[in-house]
Amino acid sequence: MDKVYNHKDVEERIYSEWEKKGYFKPEINPKGKPYCVILPPPNANGALHFGHAMFTIEDILIRYHRMRGFSALWLPGTDHAGIETQFVFEKKLKAEGKSRLDFDRDTLYKMIREYVDEHRGGIESQLKRLGFSLDWSREKYTLDPGIVRLVYKTFKKMHDEGLVYRGYRLVNYCTFDGTSFSDLEVVNTEAEGLLYYIKFPIKTGGYITIATTRPETMVGDVAVMVNPKDKRYKEFVGKTAILPMVDREIPVIGDEYVDMKFGTGAVKVTPSHDFNDFEIAKRHNLNFPPIIGMDGKMQNAGVLDGLYVKQARLKTLEILREKNLLEKEEKHKMVLRTCYKCKNVLEPLPLEQWFVKVDGLRKKAIDVIKKGKIKAYPKNFENQYFQWLENLEDWNISRQIVWGIRIPAWKCSHCHRDKNEWIVTDGSKPEKCPNCGSKKLEQDTDTFDTWFSSAQWPFATLTPLTMGFHEDVVPQVLKGKTKTYRLRDYGFKAGDKVLFENTQSQKLFGYGVIKQVEETTVEKIDYKDKTHFKTYESLGELIVAFKLRNPDKIVTPQSKAYLYTYESHPLKELENFPNDYKKFYPTDVMETGYDILKAWVSRMVMVGLYITGDVPFKHILLHGLVNDPYGKKMSKSKGNVINPLELVDKYGADSVRFALVYGNATGNDQSLSFPKLEAARKFTNKLWNMARFIDMKRKDVILNEVKDLDSSSVSRRTQNDILRVVQNKKDKEMIEETQKLAEEVTQDLEKYNFNFAAEKLYEFAWHTFADKYIEDVKNRIDENSFLVLSFLFLVQLKLLHPFMPFVTEEIYQRFNFGKSIMIDTWPAFA
RNA sequence: GGACCCGUGGCUCAGUUGGUAGAGCGUCUCGUUUACACCGAGAAGGUCAAAGGUUCGAGUCCUUUCGGGUCCACCA
C-alpha cells in the first residue's frame with residue numbers, strides 16, 4: 001500500500017466496477033423490503049452545482065438501506081427544464097445574430113432538442129463522479145415518450161373531471177421572453193418609483209385627484225374608484241368622470257378595497273392590466289379593454305399606439321402637463337413584478353390560458369401532512385408548505401414556449417373557433433371535430449409548465465411502459481407472436497420491459513421484453529382491408545390499412561413506422577413482471593433543497609394524490625443551500641460560482657461528500673469551507689494509514705491466515721464469540737465502544753441526523769480508535785488482539801461507507817479478497 | 001404586511017427530550033521520523049447578540065429588542 005491515499009487511482013475504477021456488477025440495482029437484494037428515493041431531476045442541459053452535490057444525503061440513505069438488506073432503488077432522471085433551456089438556447093441564437101422568431105415552431109423545437117441531446121449525458125457523468133449509487137438502467141427523462149404519455153393522461157383526466165379549465169385571466173407576461181409565468185416564477189423587486197397625482201374632472205363640476213404609479217394605462221381605465229365610507233368623495237359616487245386622455249366618460253364607483261389613507265384615497269381602475277382592478281371590474285360588471293399588446297407596445301390607445309410602455313408613460317405625462325391635469329408627483333417605494341429570467345418588468349396581460357383548479361387538490365395536500373401521512377424534516381418547513389398552499393390561486397400551466405410537452409388540446413377551426421371549445425385527448429390527434437365532423441383541427445401551440453410534468457415525477461418514473469394493442473391482436477400476442485409494427489414511436493429501447501395493454505378496454509393482457517426496435521417506413525396503404533390489423537401485423541412488407549375514413553391525413557406511404565421485436569408472456573405470469581410502481585410507490589423519502597418545497601414538492605403531493613390516490617412519498621427531507629466561502633449565495637451574475645467537480649478533482653469525492661455533511665445541521669444553509677474539505681481529505685488519508693498499519697501487522701502476526709475475517713455483524717453472538725477469546729480488558733472495552741458507535745450511528749441515520757453520525761464516526765475512528773486503541777495495541781499485539789483490531793476497523797469502514805464510499809471500498813476489498821463493502825451487511829447490534 | 005432561519009472561542013460551524021460549553025481550521029508548547037508531518041501529546045481562548053421571564057437548573061423553553069439572511073404577499 002502506498003503511504004498516501006490517492007483518490008485519483010481509486011474512484012473511477014471502483015465506480016465502474018460497481019456499475020458493471022449491477023450493485024446499484026435494487027435486484028441486488030431481491031428479497032429485501034423495498035426502499036426508494038427518486039432523484040430530483042437535474043436540468044438535462046445543465047452542469048453540476050452544489051445543489052446536486054447535496055444529494056450526497058440521498059446516497060447515504062440508499063447505501064445505508066442497501067447494506068441493511070433493503071431492496072433499495074435510487075432512480076435518476078433529468079428534466080427538460082422548459083423555460084430555462086429555451087432561454088439558454090435563445091441566448092445562443094442571439095450570439096449568432098438570430099432569434100427564435102426566425103424559425104417556425106417545429107424547426108425551433110427540433111433545434112433545441114438537438115442542442116439538448118448533444119449536452120445530455122454530461123450531468124449523468126458528473127453525478128457519477130460524486131459516487132452516487134443511482135440505478136442508471138432505470139434512468140428517465142421528462143420528454144421520454146412514456147412519461148409524456150402519462151402527462152397527457154393526467155391532463156386529460158383533469159380536463160374530463162373539470163379540474164382543468166381554459167380561463168381568460170390576467171397572467172404575468174414577459175414581453176421580452178414572450179411567455180407567461182406562474183406566480184411562483186415572478187420575482188418581486190423593490191424599486192424607487194414615482195406616484196403621480198392626476199386630476200379627473202367630474203362632468204357635473206369639480207374633480208377628483210387620483211394617485212397612480214402607472215399613468216400610461218389610463219387610456220384603458222373604466223372607472224374612478226373611492227372608498228364608499230370616504231367623506232371626501234361621498235358625493236361623487238355614482239357620478240360621471242371624464243377620462244382626461246381620451247375624454248371618455250367613466251363612472252365613479254365605490255369599493256371598500258380602496259385604502260383611504262393611501263395617496264388621495266381615489267384610484268383609477270384598469271381591468272386589463274392590473275390584478276386588483278381585474279377583480280374589481282368583475283365585481284362591478286365593467287369592461288376589460290386591453291391596451292397593451294403581447295409585444296409590449298400600446299394598442300387601441302389613440303396617440304399612444306405603437307409606443308412601448310415606458311415611452312407611453314412619458315407621452316401621457318406630457319399630455320397631462322399640457323392640460324394642466326398633473327397635480328404633482330412624489331417619490332414612492334414600490335414592488336415591481338419582474339421576470340426571473342430577464343429581469344424586465346412583467347406586464348399583467350389578459351390572455352387565455354389553461355388553469356388547474358387547486359382548491360380540492362390543496363385541501364388533500366394539506367391534510368396528508370396534518371395527519372402525518374407525510375412527515376417533513378426539519379419540521380418547521382411544514383409552516384411554509386401550509387402557508388403557501390392555503391393562499392394558492394389556480395395554477396397557470398400553459399407557457400408560450402416551444403420547448404416542452406405540447407398541450408394535447410385541439411380546436412376546430414370550422415365550427416368552434418369562437419366558442420372556446422377544446423378537444424382534449426391523451427396525446428393523439430383527434431380524427432375529427434365531434435360536433436361538425438370537420439377535420440380542420442388546430443393544436444394549441446402552448447406547452448405545459450415544466451412543473452406540471454415534474455409534479456408527476458414520483459409515479460411517472462416508476463410506472464411501467466405500456467404498448468397498446470387493439471383487441472383483435474391480443475390472441476396473436478398470446479400465441480407467441482414476437483414482432484409488431486407500430487406507427488407511433490413508443491420510445492422503447494432494447495431491454496425495456498413493457499406491459500401490453502388493450503387500447504379499447506385499457507386492460508393489461510401480457511408483458512414482454514423489447515429485443516429490438518427498428519425504424520422503417522410505410523410501404524403501402526390498403527384501404528380495402530377492413531380487418532386492417534392483420535395487415536398491420538404482417539411482416540416482410542409493411543402494409544398499413546385503416547378503418548379511418550381519411551387516413552392520408554395521418555399516414556402516407558412515406559410515414560415512419562417502427563418494428564418492435566419482443567418476447568411476450570401471458571398475463572398469468574404477470575407477477576414476474578418487475579413493476580416498480582407496485583413495489584416502490586409511495587417512495588420513502590423525497591430529499592431536495594428547501595428552495596423548491598413550494599414549486600415542486602407541494603405540487604407532487606397534490607398531483608400524486610390526485611392520480612394515484614396515495615401520497616407520492618412518506619417523508620420530505622430538506623437540505624439547505626451551499627453558499628460561497630463568504631456566506632454569499634452563489635450566482636452566475638456575481639461570478640462566485642464554484643464547480644463541485646473541481647473540488648472532487650482536488651480533494652476526492654469522499655472528502656467533498658463528507659465535508660458537506662459534517663458540521664451541517666439538516667436543512668441549514670452552509671458556506672463552502674476549504675478548511676473543512678482539507679480536514680475531510682486528511683481523514684481519508686488517516687483511514688488509509690490505519691489500514692496500512694493493520695495490513696502490516698497482519699503479515700507480522702497472522703502470517704496471512706486471515707481468510708475468515710468475517711465482519712458481517714457485530715451481533716451479540718459474534719461479539720460473544722470474540723469476547724470469549726479476548727482476555728485483554730482494553731480489547732473488550734473497544735468492542736463495547738464500537739458496538740455503541742454502530743448503534744448510535746444507525747439511530748442518527750434513521751433520524752436523518754447525518755451530521756451527528758459523521759461527527760461521531762470521525763471522532764471515534766481518529767481520536768478513540770487510532771490515537772488510543774491502536775497506540776495501545778501496537779506493542780502488545782497477538783493473534784487475539786489483532787482479530788479485534790481488524791474486525792473493529794472493518795466495522796467502522798462499513799459505518800463510514802455511506803458517507804465515504806470510495807476509500808472504504810478500496811480498503812475493504814484489500815482485507816476481504818475483493819469482496820465489496822457496498823453489498824455487504826450493515827453492522828448489527830442488539 | 002405575513003412567515004421562517006441565523007447571531008456560540010480569531011474564522012467556519014455542531015450542540016439531538018433543558019443537567020457543570022464542543023469540533024475543524026488558526027495560535028502556542030513539546031514530541032515522534034518504520035501506520036500516518038495529510039502525524040502524536042498538551043495548552044491558551046467563549047459573561048453562548050441584549051434584556052426580562054419559566055425552572056432546583058436555560059446556549060437549549062417563553063416574551064421583547066437589536067443585528068444578518070431567506071421566502072411569501074395585488075396596497076394603487
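Ranked from highest to lowest mean number of other Cβ atoms within 10 Å per residue, what is the order of the peptides A:59-70, A:82-93? Kindly include the intermediate steps, with their values, before the conclusion.
On the way: A:59-70: 22.7, A:82-93: 19.2.
Answer by packing, highest mean first, reads A:59-70, A:82-93.
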- Item | Euclidean distance between Cα centres, region A:61-128 to region A:160-193, Å | 24 Å
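List A:M260, A:M334 from most exposed to least, where exposure is judged by having the fewest other Cβ atoms within 10 Å. It would help to have the intermediate numbers written out before the result.
Working: A:M260 16, A:M334 13.
The most exposed by this proxy come first: A:M334, A:M260.
Ranking A:I253, A:I781, A:I369 by Cβ neighbours within 10 Å, fewest first, what do you get?
Details: A:I253 22, A:I781 15, A:I369 19.
Final ranking by Cβ density, sparse to dense: A:I781, A:I369, A:I253.
Using 0.36 nm per residue of separation minus the Cα-Cα distance, give me the extension gain between A:E759 and A:E114 in nm, one decimal. Mind dumping the intermediate values first?
On the way: separation 645, 0.36 × 645 = 232.20 nm, distance 4.63 nm.
Here the segment from A:E759 to A:E114 would lengthen by 227.6 nm.
What is the sum of charges, Lys and Arg at +1 and Asp and Glu at -1, for the other residues whose Cβ falls under 13 Å from the Cβ of A:F756? Don't skip to the answer; put the middle values down first.
Working: positive: A:K751, A:K760; negative: A:E743, A:E744, A:D748, A:E750, A:E759, A:E763.
Charge balance in the 13 Å sphere: -4.
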- Note on the structure: Expressed in nanometres to one decimal, the distance between label points 7 Å along Cα→Cβ at A:I242 and A:L571 is 8.0 nm
- Roughly what would the spin-label model give for A:F674 and A:E390, points 7 Å off Cα along C-beta, in nm? 4.6 nm
- Item | Backbone N within region A:748-787 under 18 Å of label point (7 Å from A:K729 Cα along the Cβ vector) | A:772-781, A:785
- Query: What's the angle, to the nearest 10 degrees (0 to 90), between helix A:754-763's Cα axis and the longest principal axis of chain A?
  - Reply: 30 degrees
- Note on the structure: Residue separation between A:V303 and A:E743 times 0.36 nm, minus their alpha-carbon distance, gives in nm 150.6 nm
- Estimated 222 nm signal from helices in chain A, with DSSP H stretches of n ≥ 4 weighted -39500 (n - 2.57), rounded to 500: -10000 deg cm²/dmol
- In nm, what is the difference between 0.36 nm times the number of residues separating A:T209 and A:E96 and their Cα-Cα distance? 35.6 nm
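FRET efficiency for A:K31 and A:K331, Cβ-Cβ distance as r, R0 = 56 Å, nearest 0.05? Intermediate results must be reported in sequence, preceding the final value.
On the way: r = 72 Å, r/R0 = 1.28.
So the FRET efficiency works out to roughly 0.20.
Please arrange A:H7, A:H80 by counting, for each residue, the other beta carbons lying within 10 Å of its beta carbon, fewest first.
Details: A:H7 23, A:H80 28.
Exposure proxy ranking, most exposed first: A:H7, A:H80.
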- Relative contact order (percent) for chain A, with alpha-carbon contacts under 8 angstrom and 6 or more residues of separation? 14 percent
- Query: Label 7 Å along Cα→Cβ of A:M294; region A:320-348 residues with amide nitrogen under 17 Å?
  - Reply: A:347-348
- Task: Starting from the amide H of A:I620, placed 1.01 Å from N in the peptide plane, find each other amide H under 5 Å away whose residue is 5 or more places distant or on another chain.
- Result: A:K375, A:A376, A:Y377, A:M590
- Task: Considering the options A:I112, A:S790, A:H332, tell which one lies farthest towards the positive end of the dipole of chain A, charges being +1 on Lys and Arg and -1 on Asp and Glu at the Cβ, about the Cα centre.
- Result: A:H332
- Query: Which residue, chosen from A:G22, A:T209, A:N689, occupies the Cα position most advanced towards the positive end of the dipole of chain A, where the dipole is computed from +1 (Lys, Arg) and -1 (Asp, Glu) charges on Cβ about the Cα centre?
  - Reply: A:T209
- Query: Out of every Cα-Cα pair in chain A, what percent are more than 53 Å apart?
  - Reply: 29 percent
- Would you work out which of A:Y64, A:H767, A:T592 lies farthest towards the positive end of the dipole of chain A? Charges go on Cβ: Lys and Arg +1, Asp and Glu -1. A:T592
- Item | Tensor-based shape of region A:132-174 (alpha-carbon gyration tensor, a/c under 1.5 rounded, otherwise prolate or oblate) | oblate
- Roughly how tilted is helix A:105-119, in degrees to the nearest 10 and between 0 and 90, from the longest Cα axis of chain A? 20 degrees
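Work out the length of the dipole vector of region A:147-251 about its Cα centre, built from +1 on the beta-carbon of each Lys and Arg and -1 on the beta-carbon of each Asp and Glu, and round it to the nearest 20 debye. Mind dumping the intermediate values first?
Details: 15 positive and 13 negative charges, 99 e Å.
Computed charge dipole of region A:147-251: roughly 480 debye.
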- Query: Out of residues 5 or more away from A:G468 or on other chains, whose amide H comes under 5 Å of its own, with H placed 1.01 Å from N in the peptide plane?
  - Reply: A:E501
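Taken together, the values in this text are just the output of simple stated rules run on the coordinates, not laboratory data. Predicted model, so just to flag it, every value in this text is computed and none were measured. A quick note on method: Cβ atoms are made from the backbone with ideal geometry, for glycine too, and the neighbour counts reach across all protein chains shown.
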